[in-house]
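Below is one structure, written out as structure tokens; comments come after it.
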Amino acid sequence: MELLKQLYAIHSPSGNEKKMRKFLKGLIKNNVPGASFTVDAMGNLYVCKGKSETYPCIVSHIDQVQKTHSKDFQAVETKDIIFGFSIGNVHQEGLGADDKNGIWIALKCLQKYPALKCAFFVGEEMGCRGSNKADMTFFSDVRFVLQCDRKGGNDLIWNIGGYTELCSKEFLSATGYQGFGYKLEHGMMTDVEALKDKGLSVSAVNMSCGYHRPHSDEEYTVKSELLNCSKFVEHIIDSCPAVYPHEETGGWGYGRYMMDADTDDAELYDWITDFLFAYPDASFEDILMEFEDYGFSQDQIEVAYEDVKSMYF
Ligand SMILES: [Zn+2]
């Protein structure tokens with residue numbers, strides 16, 4: 001867990017992920033023989049280890065939502081959980097376990113497996129800015145794409161917001177998810193969805209990796225859930241040696257269907273749709289709290305919220 005706590009100690013807010021990228025590059029250079037990496041213009045980091053015809057692939061995001069991170073931040077580990085704390089401020093502070101838990105699993109697998117590809121994206125929390133501009137050639141020889149970027153311990157996300165399918169049924173059953181206590185769920189926007197929208201032609205999933213209360217100062221990680229996710233990922237890599245093709249045929253995503261593709265609102269509609277699928281009981285105030293930081297007016301959010309509600313709920 002020492003590496004995990006090192007990751008928690010690095011403050012990596014969206015738009016300023018330099019420190020985390022530098023840490024990862026150094027770590028991979030010094031500890032993962034046979035791995036090479038590239039960085040694109042967005043700041044996304046792509047790692048390829050070994051030589052193989054096809055590769056398992058893990059993606060994660062290196063930005064975090066929390067803006068508060070004191071100089072004396074510590075990751076405090078108890079028997080069951082890890083949380084962040086500043087003694088000076090006598091206050092809990094967020095870990096950025098969303099998505100450092102995912103980064104940690106990717107790094108563990110990079111050390112373990114002789115052939116693996118990993119992408120570390122910037123700006124996921126700002127609407128998947130990094131993965132929306134991902135270099136898709138990197139994914140041309142991958143078997144499937146795994147992302148560990150979901151709260152809790154039991155969700156296997158195979159579908160985003162009820163309309164973007166991420167993977168084939170064959171792949172879902174090949175993962176053996178039931179054996180790890182996972183259940184199939186719809187999820188919210190994240191990098192694997194952006195990759196599917198950009199034409200990723202293999203199966204992808206997103207899965208719970210043990211963080212709770214993401215985006216808040218009260219964020220914490222349940223160690224047993226994180227470790228179970230890590231075992232599940234290794235199990236998929238070990239037991240899925242084939243390529244699992246999957247073309248996204250959905251094509252009626254709300255943003256694409258309802259809105260002129262170029263309006264800024266299209267993204268807001270997508271986000272609200274995803275949010276309401278994940279939290280059907282959310283009130284307008286919840287929606288407002290979630291999205292007003294992204295530069296939309298209260299009126300815009302209200303109109304979008306009413307539209308999405310009348311369309312789906
Ligand atoms: Zn995340």
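None of the figures in this text is laboratory data; all of them are computed from the coordinates on show. These numbers come from a predicted model, not from an experiment. Every residue, glycine as well, gets a Cβ built from its backbone with ideal geometry; the counts of neighbours run over all protein chains shown.
Numbers at a glance
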{"item": "Lysine-lysine proximity count for region 1-65, Cα under 21 Å, sequence distance 8 or more or distinct chains", "result": "12"}
{"item": "Among Ser12, Ser60, Ser297: highest mean-square fluctuation, GNM of the chain, C-alpha pairs under 10 Å", "result": "Ser297"}
{"item": "Approximate spin-label separation Thr54-Glu285, in nm, with each point projected 7 Å along Cα-to-Cβ", "result": "5.1"}
{"item": "DSSP-defined beta bridges in the chain - what % are antiparallel, rounded to 5", "result": "55"}
{"item": "Stokes-Einstein D for the chain, Kirkwood Rh over Cα pairs, 37 °C, 0.692 mPa s (µm²/s)", "result": "166"}
{"item": "Percent RCO, i.e. relative contact order, over region 166-247, from Cα pairs under 8 Å lying at least 6 residues apart", "result": "45"}
{"item": "Residue-by-residue Karplus 3J(HN,Hα) for region 97-112, coefficients 6.51, -1.76, 1.60, Hz, glycine and proline x", "result": "4, 8, 10, 5, 4, x, 4, 4, 5, 4, 5, 4, 5, 4, 6, 7"}
{"item": "Karplus-derived HN-Hα couplings along region 81-86 (A = 6.51, B = -1.76, C = 1.60, θ = phi - 60°), whole Hz, x at Gly and Pro", "result": "10, 10, 9, x, 8, 10"}
{"item": "Considering only region 114-210, percent of DSSP beta bridges that pair antiparallel, nearest 5", "result": "30"}
{"item": "Candidates Phe232, Phe277, Phe296, ranked by Gaussian network fluctuation over the chain, Cα under 10 Å, top entry", "result": "Phe296"}
{"item": "Orphan Cys of the chain, criterion: no other Cys C-beta under 4.7 Å", "result": "Cys48, Cys57, Cys109, Cys118, Cys128, Cys167, Cys240"}
{"item": "Gap separating the Cα centres of region 1-21 and region 179-252, nearest whole Å", "result": "21"}
{"item": "For region 178-193, Karplus couplings with θ = phi - 60° (6.51, -1.76, 1.60), whole Hz, Gly/Pro x", "result": "4, x, 10, x, 8, 10, 6, 9, 8, x, 9, 3, 7, 4, 5, 5"}
